[in-house]
Amino acid sequence: MIKSILIIPIFFIIFLAFSSCSKEKISSNLYEESIASDLVFYQNTDVILSPAGSSPHGPFKLKFNEKAKSQLGSDGKLPDGATFKNGSLIVKEIYSGSTLQLIAVMKKNDSKYSGEGWLWAEYKPDGTAVYNISDKGKSCIACHSASINRDLTNSFDLH
């Protein structure tokens, strides 16, 4: 009886440790993916874009992994009503002048950390999480849902 009383808290602690490690590992991997050298710039152009309308992010560069890029039309945009494939990565580097300030990341992923089928995160350039995946895009989804139907992506309509 005493052994079972001791075992239950130990299993609970181990479960919490693995749950935390899993979230941290996903977040760390997402940051690493967002700074990878094989990402492709929007319309293959390495320029800082000016936002239009009510974009909260400011001037930005937009990058995609190959899976996301393969979903874009000849105009470099995701067609209205289309969706990205699982594993698609979209990275928005936000600038102040020519200085990188923030990295906003969306990755199509239907995990327990996703919100509406996306992992949402923001990082400082050094990799420190500013907006963590565990928030499941709660501060992002309302604005991203208000745009033309491009799978919760707004960048194509905000510049």
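The values are calculated or read from the model by the stated rules, or taken from the named source; none is laboratory data. Everything numeric in this text was worked out from a predicted model, so none of it was measured. Backbone-built Cβ (ideal geometry, glycine too); neighbour counts: all protein chains shown. Ligands, DNA and RNA are stripped out before the accessible areas are found, and what is left, the full protein with its side chains, is counted by its heavy atoms. Shrake-Rupley method; radii C 1.70, N 1.55, O 1.52, S 1.80 Å.
Odds and ends about this structure:
- Strands (runs of 3 or more DSSP E) lying entirely in the stretch 56-159 (those with 1 or more residues that are among the aromatic types (Phe, Trp, Tyr) and open to solvent by less than 70 Å² (accessible area, probe 1.4 Å)): 60-64, 89-96, 118-123, 129-131
- Among residues of the stretch 80-101 that are among the aliphatic types (A, V, I, L, M), those with a beta-carbon under 7 Å from a residue that is modelled with pLDDT of 95 or more and open to solvent by 80 Å² or more (accessible area, probe 1.4 Å) at least six positions away or on a different chain give the pairs ILE94/GLN101.
- For THR45, the criteria (1) open to solvent by 50 Å² or more (accessible area, probe 1.4 Å); (2) in contact with a helix residue (DSSP H, G or I) (Cβ under 9 Å, 6 or more places away or on another chain); (3) modelled with pLDDT of 90 or more; (4) not aliphatic (A, V, I, L, M) hold in every case but one, which is (2).
- For the stretch 79-96, the set of residues classified as small (Gly, Ala, Ser) and touching a Ser or Thr at 6+ places or on another chain (Cβ under 9 Å) consists of SER88 only.
- Positions within the stretch 22-67 being among the aliphatic types (A, V, I, L, M) and in contact (Cβ under 8 Å) with a residue 24 or more places away in the chain, in sequence order: ILE26, LEU30, ILE35, ALA36, LEU39, VAL40, ILE48, LEU49, ALA52, LEU62
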